[in-house]
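Take a look at the structure set out below.
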Amino acid sequence: MTLKYLIQKEFIQIRRNAFLPRLIVAFPIMIMCVMPWVMNMEVKNVKVTIVDNDRSSMSQELVHSVEASNYFIFTGQQPTYRDALREVEHSRADVVLVIPQDYSRDVTLGRQPQVLVAANAVNGTKGSMGSSYLTQIVTAHVSPDAAAMQSRVSTLFLYNKHLNFKLFMIPALFAIVMMLMTGFLPALNIVGEKEAGTIEQINVTPVSKWSFILAKLIPYWIIALFVISMCLLLAWAVYGITSAGPLWLVYALAMLLALFFSSFGLIISNYSDTMQQAIFVMWFFVVMMLLLSGLFTPTRSMPSWAYATTYVNPMSYFINAVRTVFVRGGGISSIWHQMAALLGIGSLMACWAVMSYRKNS
């Protein structure tokens, strides 16, 4: 019965806060409705300028092919390569295509003309993809037979057949929402009571540490259920995207992640004396876990020492598992090891949260 009244107290505190209820509702809506459009790793709108030293009808066909591509923004032609580089230096172009003299003659005679592609690689991804797009266009123009052969190659895309980047990112956004909703709010809970002085009233009562910490955790697990339900509903209503696998596995993974982050937030709150301290410590760990989780880049692309951190990073386990269920339609046999890891890390954090709470009565 004591636990029941403590949970009621937590919900009353949340309800009486003028900001938190609005944040709990508005934050998932903003993340799900805005971020899938902007968190897009596809490279488009690459600004390209061309130097045509041949000035033949065939070279102009190549210019028009580049201009017609949906991946490029054609910024015009420059008389010399030096002028084109000046456009790159002033950020008015990303890629330069230089068509050599005698381009049409070499193509007609079956030779391979030396076409120069110079890319601004300050943004390595944009530079490499932009030069790759241009290379494909030039190859198709110089060697129509090779392009025809390439068009006869059949490619089968598994799971995400339409290469929809939103389908890839939406499960990862679940992780971000859960991390911020069930991580930061508990981190500010106990330290907020310390600053307000209400924690002393609890400390002089016979409430056990387990009851007190559970009363702090359970409301945020309920909030996690609400938040993940809202995210799934918005994914279906706004984008028409639904889980290919069982929904109960998505909920189970979300609750395991909520167990970790709510416990981790309370641990930081137990060791912090002010809200500012709790926020900075929580932000430090959250950013590190987020960037090393494989949310934006494949973990196998990391150095070996950085990849080793994924073995203790719950975000990495969650993102890998939820994408397996949501995108590939995997079952529990496909993600049992990620679930076991999340349960183990979350249970360890929950025990630590209880042990780290200092009840001075």
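Of note:
- Where a residue in the range 279-293 is closer than 16 Å to Val312 by Cα and its partner, wherever it lies, is of a type outside the set (S, T, N, Q), with Cβ under 7 Å and at least six apart: Val286/Met179; Val286/Gly183; Met289/Met315; Leu290/Met315; Leu292/Ala306; Ser293/Met315; Ser293/Ile319
- If the condition is being within 22 Å of Phe168 (Cα to Cα) and of a type in the set (D, E, K, R), then the range 31-85 contributes Glu42, Lys44.
- Answer residue from the range 180-231, given it is part of a helix (DSSP H, G or I) and among the small types (Gly, Ala, Ser) and is modelled with the lowest pLDDT among those: Ala196
- From Phe284, Phe280, Phe264, residue being farther than 24 Å from Thr324 by Cα, in the same structural domain as Ile332 (by TED's automatic domain parsing) and buried (at least 20 other Cβ atoms within 10 Å of the Cβ): Phe264
One line per residue, one yes/no per condition, for (1) surrounded by 14 or more Cβ atoms within 10 Å (Cβ to Cβ); (2) basic (Lys, Arg); (3) touching a residue at least 60 places away in the same chain (Cβ under 8 Å):
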{"site": "Thr299", "(1), (2), (3)": "yes, no, no"}
{"site": "Met302", "(1), (2), (3)": "yes, no, no"}
{"site": "Trp305", "(1), (2), (3)": "no, no, no"}
{"site": "Asn313", "(1), (2), (3)": "yes, no, no"}
{"site": "Val325", "(1), (2), (3)": "yes, no, yes"}
{"site": "Gly330", "(1), (2), (3)": "yes, no, yes"}
{"site": "Leu348", "(1), (2), (3)": "no, no, no"}
{"site": "Ala353", "(1), (2), (3)": "yes, no, yes"}
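- Search result, residues across the range 159-188 that are in contact with a Ser or Thr (Cβ under 9 Å, 6 or more places away or on another chain) and farther than 30 Å from Gln277 by Cβ: Pro171
- Selection from the range 34-55 of residues that are buried (at least 17 other Cβ atoms within 10 Å of the Cβ) and part of a helix (DSSP H, G or I): Met35, Pro36
The values are calculated or read from the model by the stated rules, or taken from the named source; none is laboratory data. As the structure is a computational prediction, the values presented were derived from the model and not from experiment. Note: ideal-geometry Cβ built from the backbone for every residue, glycine included; neighbour counts use all protein chains shown.
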